[in-house]
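K.L.:
Take this structure, written in structure tokens, and hold onto it; I'll ask about it next.
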Amino acid sequence: MDGRAVPIILDVDTGIDDALALALAVASPRVDLVTVTTLAGNVDVERTTTNTLAVLDWLGASSVPVHRGASRPLVRPHQDAAFVHGTDGLGNAELPISDRALGPTRGPAEIVRLANLRPGAMTLICVGPLTNLAIALNVEPRLPDLIDRVIVMGGAFSVPGNVTPAAEFNIYVDPEAAAQVFAAPFKQLIAIGLDVTQQVVLPRSMWEATTGATEAAPTLVSRICRRSFVERDLDAVQLHDPLALAVAFDPMLVGCIPAQVSVAIEGEERGRTRVVGPGSVAVASTVDAERFMRLFTEALALPGV
Ligand code: RIB
Ligand code: CA
């Protein structure tokens, strides 16, 4: 990985950890955040889109285009995670609402447009359900030849899920989309599952140390994580999406196994991801948690603890 910035499309369901991934993307000189696409996930697509605009404005990144995407999964009704992220999806932090316009194309169409505009250049990072990517694959079957790399925050391969014992949220919400994505012949598809993301957390002590901060990123952390620590009395906030983002510019953060991945669709197994043999998907099985936390805290100017 040379020192140049990685051109990234970030597909989000902004929520708390999505917002932290946006903050890392904006702060990192090794990221060229070309565009952000949104979809229904942690909360409905109107809120995930409003949240994404608000977070980018808060971070001084109002020049980054935002394109609204899927309003529900391919087949099923949408199921949110508002109990985790708050009714508004951002810990009920009530950030100022952005008044800027959305991009003129919808999320899947923007993924296809950029892939054709810059063939072989883009890294697509999906940190929500995989609905937008599945739709993009449907309308542009050549997408695997046009996108350089896909990084998915999703799945639970050797650990229990976080929605059911079988399934991680992003896969559970739209298993049909996930099955299509993991079956597509992408040149590089990296799966960052709970196996590694649950090992990187923002501890209560770090959040408490953001009290009184004045810079954009620490104050964002302070506001959107308050509900998790105060109302929900958590010890830590899991940094699922920031880790997936960081792998784009620091792939050595995780160790992967080459795998063929299956996704269960129905019943109690809905959303389970399994390694069913050798294949082309790089499933992350180990993480250098200390190195990631140094990178994350430095980029967001968070107090080390
Ligand atoms: O299971 C964790 C994932 O689901 C994260 O991306 C979180 O934001 C939710 O989308
Ligand atoms: Ca997410």
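Read the figures in this text as sums done on the coordinates, not as results from a lab. Only a predicted model underlies this, so the values are computations on that prediction, with no experimental measurement involved. Virtual Cβ from ideal backbone geometry, glycine too; neighbours counted across all protein chains shown.
K.L.:
Which loop trypsin sites (Lys or Arg not before Pro) in the stretch 123-196, with loop taken from DSSP, have no more than 14 other Cβ atoms within 10 angstrom of their Cβ?
P.N.:
ARG142, LYS187
K.L.:
Which distance in nm do the two modelled labels at VAL139 and ARG100 give, with both placed 7 Å along the Cα-to-Cβ direction?
P.N.:
The modelled label-to-label distance comes out at 2.3 nm.
K.L.:
By the gyration tensor of its Cα atoms, with a ≥ b ≥ c the square roots of the eigenvalues, what is the shape of the chain: rounded for a/c under 1.5, prolate for a/b over b/c, or oblate?
P.N.:
In terms of gyration-tensor shape, rounded.
K.L.:
Could I have the simple spin-label model distance between PHE83 and ARG118, label points 7 Å from Cα toward Cβ, reported in nm to one decimal?
P.N.:
Placing both labels 7 Å along Cα→Cβ, they lie 4.0 nm apart.
K.L.:
Given points 7 Å out from each Cα along the Cα-Cβ axis, report the GLU269 to ALA183 separation in nanometres with one decimal.
P.N.:
About 1.5 nm separates the two model spin labels.
K.L.:
Could you work out the relative contact order of the stretch 164-265, using alpha carbon pairs under 8 angstrom and six or more residues apart, expressed as a whole percent?
P.N.:
Working: 67 pairs, mean separation 36.8, N = 102.
Over the stretch 164-265, the number comes to 36 percent.
K.L.:
Can you put SER280, SER63, SER205 in order, fewest other beta carbons within 10 Å first?
P.N.:
By the 10 Å Cβ count, ascending, the order reads SER63, SER205, SER280.
K.L.:
Over the chain, what is the mean sequence separation of C-alpha contacts under 8 Å (at least six apart), divided by residue count, expressed as relative contact order in percent? Intermediate values should be presented prior to the final figure.
P.N.:
Details: 713 pairs, mean separation 58.8, N = 305.
Result for the chain is 19 percent.
K.L.:
In addition: Fewest to most neighbouring Cβ within 10 Å: what's the order for VAL36, VAL26, VAL43?
P.N.:
Arranged by neighbour count, lowest to highest, VAL36, VAL26, VAL43 become VAL26, VAL43, VAL36.
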